[in-house]
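See structure below.
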Amino acid sequence: MQPHTMNVQDILVEQRGSDIATSSLDFRRESRMLFDDCAATYPAMDPYWGSFDELRRELDLDDLLPELAVAGGVLDAGCGPALHLRDMIAWWTTQAPGSRLQVTGLDFSKPMLARAVRELPEPVDSVRTRFVLGDLVQPDWHPPHLLDCVLCLNNTLGNIVGHDLHSVSADRLRVSADFRRLLRPGGLFLLSVFDRANLPRTDGTVSAYSRDRRIDTRLSDVARGDLVLWRNCADGDEHCCVSHWFTEKEVQELLKSVGFTDLHLCTIGPRILCSARCQ
Ligand SMILES: C[S@@+](CC[C@H](N)C(=O)[O-])C[C@H]1O[C@@H](n2cnc3c(N)ncnc32)[C@H](O)[C@@H]1O
């Protein structure tokens with residue numbers, strides 16, 4: 001495909017406005033249906049996806065290794081097909097062979113979790129893995145112990161949406177506060193989100209990002225980093241998801257406001273990576 005040189009405003013102008021009555025849309029359900037549909041190919045359609053290796057390198061995870069298995073283990077919130085957990089387990093078993101680790105992947109998409117289970121390599125004695133079908137917006141899962149580490153990666157936090165669009169920032173705040181509550185004092189939160197500064201790039205990456213998705217011009221608010229994206233799904237309908245793009249300042253304010261401390265942020269390509277501590 002030829003790279004386009006256009007900015008996101010051009011793309012928005014090109015798109016048809018949505019004529020769907022949004023008052024009847026349940027955005028959480030829409031989002032789940034879209035992610036269900038993406039499960040088989042994820043993350044092939046997402047050129048902004050970042051690997052566990054990147055996280056490990058940029059956030060100095062090797063130094064933090066001993067902290068990841070004090071008691072409660074690791075939760076990957078919105079784990080998708082658990083590609084990060086898979087790499088994390090491989091890293092753990094090489095770096096700390098024989099040491100016990102408990103990892104939990106949680107997602108609201110059954111097909112994502114089914115793929116995670118299917119593709120997970122042979123179990124290792126020292127690593128206990130489990131998957132939970134659950135909703136971060138309406139959490140009904142509680143780990144038996146406070147966790148050592150929570151991961152929320154590749155803009156899962158930006159995908160958070162409740163039943164309607166008006167409460168997305170409140171939903172994000174609530175979900176972030178839940179992450180902090182799940183962690184033991186001193187526990188580690190690792191986040192990666194999309195960087196709003198990258199939204200209006202003119203090198204074609206934004207058009208690549210929206211390659212198989214249609215940006216809804218009526219419901220999106222580019223200046224605030226809020227996109228609503230539609231995708232043609234296998235059930236013959238279009239379904240939509242929300243994708244919020246963050247500024248570094250916003251990430252800092254959000255995490256501090258729910259009680260995280262010791263924040264370290266870096267921007268790598270289109271992603272903001274952040275590590276933070278539970279007070
Ligand atoms: C962009 S994908 C990221 C997947 C994974 N974190 C990664 O980095 O590869 C977002 C994931 O979050 C899940 N998700 C979105 N909203 C959710 C919610 N409210 N509760 C649980 N999972 C959710 C989706 O099903 C999807 O698997």
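The values are calculated or read from the model by the stated rules, or taken from the named source; none is laboratory data. Quick caveat: nothing in here was measured; it's all calculated off a predicted structure. All Cβ positions, glycine included, derive from the backbone under ideal geometry; neighbour counts span all protein chains shown.
Observations on the model:
- Counting only strands (runs of 3 or more DSSP E) wholly contained in region 62-178, the ones carrying 2 or more residues that are polar (S, T, N, Q) occupy 101-107.
- Only residues that are modelled with pLDDT of 90 or more, away from the ligand (no atom under 12 Å from the Cβ) and in contact with a strand residue (DSSP E or B) (Cβ under 6 Å, 6 or more places away or on another chain) were counted across region 23-81, and they come to 4.
- In region 143-166, residue modelled with the highest pLDDT [restricted to those that are over 22 Å from Val193 (Cβ atoms) and touching a helix residue (DSSP H, G or I) at 6+ places or on another chain (Cβ under 8 Å)]: Leu146
- Index of the failed condition, Val124 passing every other in (1) surrounded by 15 or more Cβ atoms within 10 Å (Cβ to Cβ); (2) over 20 Å from Arg56 (Cα atoms); (3) within 15 Å of the ligand (Cβ to nearest atom): (3)
- Filtered by the rule that a residue be of a type in the set (D, E, K, R), closer than 19 Å to Asp107 by Cβ and crowded, with 17+ Cβ neighbours inside 10 Å, region 136-173 gives Asp171, Arg172.
- Selected residue [under 21 Å from Ser243 (Cβ atoms) and of a type in the set (D, E, K, R)] from Asp140, Asp107, Asp125: Asp107
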